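Colleague: Shown below is the structure under consideration.
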């Protein structure tokens, strides 16, 4: 599903993207006509400041001397940045080169679009602080579909076994009903949600806190590659950037914005997943939670959400239908490789028991892997469990 990388970015948006990294937040240029005091105590409403802010209303253009207007002017025109910090940021910013950033993105197989581009995802424009540039690796199709066909799934990095399996099942249910699963590719619930969608050949979007050219965390390198086969990886950070502490909650606002609704599977009271919930509320999006045990700390946040009015969800397919997203009659193909594909190929030659499947697949898959693959295929409607305990493929799709 990958597409040829394209770059449709202006230098001004690239510069603002660099400032996002340097400042640890999406920069907003000062309103030149507003008297204000910045955090370092400098007056932000002087005539000089107003003229600089006005000049920055037009896109920056590369010149023989670098950027025009001067990069330092851009730094000092950002809300909340006074002269002391501006000097530090400017020193770092002087080494920045727009052409090198673009070349790095193309070399990494990334596509870049800025807020000035017609292809910039419309869903992100609804944010109060949209990313100046969005970097994408993989297929554009999930983003072109828009947020109305996507559901975010988030939760703790340390889920229970039950929580992890719930994320897989719900993710698979969303995907097999034609929906796109959006998450952050983090350990725990995020990874399980992506895996659930991929297990039934569905589409998923991973939103990273660092550059889109590398897996975050590195241990999810294989998952990163699989996501590129069935969807895309996106990030607002420039290529090559490693995630910072502040960039994870910043990433969460993109997850919420790219989705029709947000589902929290397991989350303690102070979970970063609840930041996504706040962003979803601010955007007027629906929020759902998976009920959990009262005796488990990682369920405390989700159970509190239910008490505060969030809707409960236990089935991804039912959620897609509830939101009016169901694509009747659409069948999602099983995964092209991996345990699910191996099991489906084995069963396509005849009904088999779990023990027989272990032998047929050459003993490579353990009983646990086989059972999970069977569950994914059964949830997707590709196989059924017969009365004799063996599994067989379904000859036709039952919508």
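The values are calculated or read from the model by the stated rules, or taken from the named source; none is laboratory data. On a predicted model such as this, the values are computed, not experimentally measured, just so you know. For neighbour counting, all protein chains shown are included, and Cβ atoms are generated from backbone atoms with ideal geometry for every residue, glycine included.
Colleague: Taking the condition more than 15 Å from residue 189 (Cβ to Cβ), under 22 Å from the mean Cα position of the chain (by Cα), assigned by TED's automatic domain parsing to the domain that holds residue 179 and in contact (Cβ under 8 Å) with a residue 60 or more places away in the chain, does residue 315 pass?
Modeller: yes
Colleague: Going through the stretch 258-304 one residue at a time, which ones are more than 25 Å from residue 142 (Cβ to Cβ) and out of contact with any helix residue (DSSP H, G or I) (no Cβ under 7 Å at 6 or more places or on another chain)?
Modeller: Selection gives 270, 295, 296, 297, 299, 300, 302, 303, 304.
One line per residue, one yes/no per condition, for (1) under 19 Å from residue 285 (Cβ atoms); (2) modelled with pLDDT under 95:
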| position | (1), (2) |
| --- | --- |
| 126 | yes, yes |
| 139 | no, yes |
| 148 | yes, yes |
| 154 | yes, no |
| 194 | no, no |
| 200 | no, yes |
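Colleague: Test each condition in (1) over 13 Å from the mean Cα position of the chain (by Cα); (2) surrounded by 24 or more Cβ atoms within 10 Å (Cβ to Cβ); (3) modelled with pLDDT of 90 or more for residue 282 and report the one that comes out false.
Modeller: Status for residue 282: all satisfied but (2).
Colleague: Name the residues in the stretch 8-18 that are touching a strand residue (DSSP E or B) at 6+ places or on another chain (Cβ under 7 Å) and either surrounded by 22 or more Cβ atoms within 10 Å (Cβ to Cβ) or at pLDDT below 75 (or both), would you?
Modeller: Passing the criteria: 9, 13, 14, 15, 17.
Colleague: Does at least one position in the stretch 133-143 carry a residue that is assigned to a helix (DSSP H, G or I) and surrounded by fewer than 18 Cβ atoms within 10 Å (Cβ to Cβ)?
Modeller: Looking for residues that are assigned to a helix (DSSP H, G or I) and surrounded by fewer than 18 Cβ atoms within 10 Å (Cβ to Cβ), one finds at least one in the stretch 133-143, hence yes.
Colleague: Can you tell which of 190, 225, 213 is in the same structural domain as residue 161 (by TED's automatic domain parsing) and within 11 Å of the chain's Cα centre (by Cα)? Show your work before the answer.
Modeller: Working: 225 fails: within 11 Å of the chain's Cα centre (by Cα); 213 fails: within 11 Å of the chain's Cα centre (by Cα).
Of 190, 225, 213, the one residue that is in the same structural domain as residue 161 (by TED's automatic domain parsing) and within 11 Å of the chain's Cα centre (by Cα) is 190.
Colleague: Same structure, new question: Within the stretch 195-215, can one find any residue that is out of contact with any helix residue (DSSP H, G or I) (no Cβ under 8 Å at 6 or more places or on another chain) and assigned to a helix (DSSP H, G or I)?
Modeller: No, there is no match, as no residue in the stretch 195-215 is out of contact with any helix residue (DSSP H, G or I) (no Cβ under 8 Å at 6 or more places or on another chain) and assigned to a helix (DSSP H, G or I).
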